[in-house]
Amino acid sequence: SEMEGLEIWLNGQDMGEITYKTSSADFFFVLELDGKLIACGGFYIVKDNPKANMVWGMVHKRYHRQGFGRELFKYRIDQINTLFPNYCIVLDTSQHTFNFFKQSIYGIH
C-alpha cells in the first residue's frame, strides 16, 4: 500500500530533487552485500524546523536478524548527527517494525 510513496521518493532521488515540499534536504542510502541490494533507508530535513525525519528504512526479509538493519539505522543517525548537529531525530513507523526500532534505539549509545 506504500509502494506509490516509495516510488515518488526514489524518483526524486534519481532526479536529484527534494521529494517532499516540507523538506529542505533529503538523503537515501543503500546497503549491498556481494553486489546485491539488501537494505535501504533515508531521512529528510524539515524546512524551518530542526528535525530530521527517518524514512523508507527496510531490509530484505532474507537478511533479517543479521544486524544489517541495525547498522543502517545507526549509520543514518550518525549522518544526521554529523550533518545536522542538535537536530531532533523523528521516527514514525508501523506496528510491524516498531519492535525492531524499539530494540535498536535502546541498544544504541
*Karplus 3J(HN,Hα) series, Hz, for region 63-76 with 6.51 cos²θ - 1.76 cosθ + 1.60 (x for Gly, Pro)*: 10, 5, 6, 10, x, 5, x, 4, 5, 5, 4, 4, 4, 5
*Relative counts (whole %) of C-alpha pair distances in region 21-67, using bins that are 10 Å wide*: 26, 40, 23, 11, 0
*Work out, step by step, the length gained on full extension between E2 and N81: first 0.36 nm times the residue separation, then minus their alpha carbon distance; give nm to one decimal.*
25.7 nm
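So for region 1-81, averaging the separation of alpha carbon pairs under 8 Å that are six or more residues apart and normalising by length, what relative contact order in percent results? Before the final figure, lay out the partial values.
Numbers: 99 pairs, mean separation 16.2, N = 81.
Value for region 1-81: 20 percent.
Is there a quick way to get the dipole size of region 1-66? I mean about its Cα centre, with the Cβ of Lys and Arg at +1 and of Asp and Glu at -1; what is the value in debye to the nearest 20?
Working: 7 positive and 9 negative charges, 68 e Å.
Here region 1-66 has a charge dipole of around 320 debye.
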_5 Å is the cut-off here: which amide hydrogens, built 1.01 Å from N in the peptide plane, fall below it relative to V55, excluding neighbours closer than 5 in sequence?_
G42, F43, Y44
_Computed label-point distance, nm, for sites D34 and D92 using a 7 Å Cα→Cβ extension_ = 3.8 nm
*Among N81, G41, F68 the positive-end extreme of the charge dipole of region 35-87 (Cβ point charges)*: F68
*Return the loop-located GluC sites (Glu not before Pro) in region 1-94 (DSSP other than H, G, I, E, B) with at most 10 other Cβ atoms within 10 Å of their own Cβ; answer none if there are none.*
E2, E17
*Would you mind getting me the FRET efficiency between H64 and D14? Use the beta-carbon distance for r and R0 = 22 Å, nearest 0.05.*
0.25
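A short reminder: the numbers here are calculations on the coordinates, not readings from a lab. None of these values were measured; they are calculated from a predicted model. Glycine gets a Cβ as well: all are built from the backbone with ideal geometry, and neighbour counts include every protein chain shown.
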